[in-house]
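Okay, so here's the structure we're looking at.
No lab work stands behind these numbers, since they all come straight from the coordinates. Only a predicted model underlies this, so the values are computations on that prediction, with no experimental measurement involved. No Cβ is skipped: glycine too gets one built from the backbone with ideal geometry, and neighbour counts run over all protein chains shown.
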Amino acid sequence: MSQVETKLTIVVRADLGMGRGKIAAQAAHAAVSAALASLGTADFRAWLRDGQPKVVLRASSAEQLDSLVALASAEGLPVQVIHDAGRTQVAEGTPTCGAIGPAEASRIDAITGELPLL
């Protein structure tokens, strides 16, 4: 029996000048938010079974992130957008990254497949 591969994709804005630690924290926020939002779903169980695969990609702007999020939502994929609290490097409310999934990898790739790795 063939199993469908799943993953969680995190898209980080590269235009904000965030440091490595800030990027890591924002990506972690996105991963945790996505996992909590999908608890109990078949996609979440499959993602756990698959070893919780994740990929982190780069968006060039807020507009690109917004477009990806809108497209993923329109395709019925689970999406979480992280807005910064404004305590360190970026202004409060700034969208820093978004998580798409966990879901079938091919469905996510149809949205994010052209983005470069972070």
Around Asp66: net Lys/Arg minus Asp/Glu count, Cβ-Cβ under 13 Å: -1
MRE, 222 nm, helices only [DSSP H, n ≥ 4, -39500 (n - 2.57), over the chain, to nearest 500]: -12500 deg cm²/dmol
Overall Cα dimensions of the chain - principal axes, largest extent first, Å: 48, 24, 22
Coil-residue trypsin sites (Lys or Arg not before Pro) of region 34-118, DSSP, other Cβ within 10 Å capped at 12: Arg87
Beta bridges per DSSP with both ends in the chain, % antiparallel, nearest 5: 65 percent
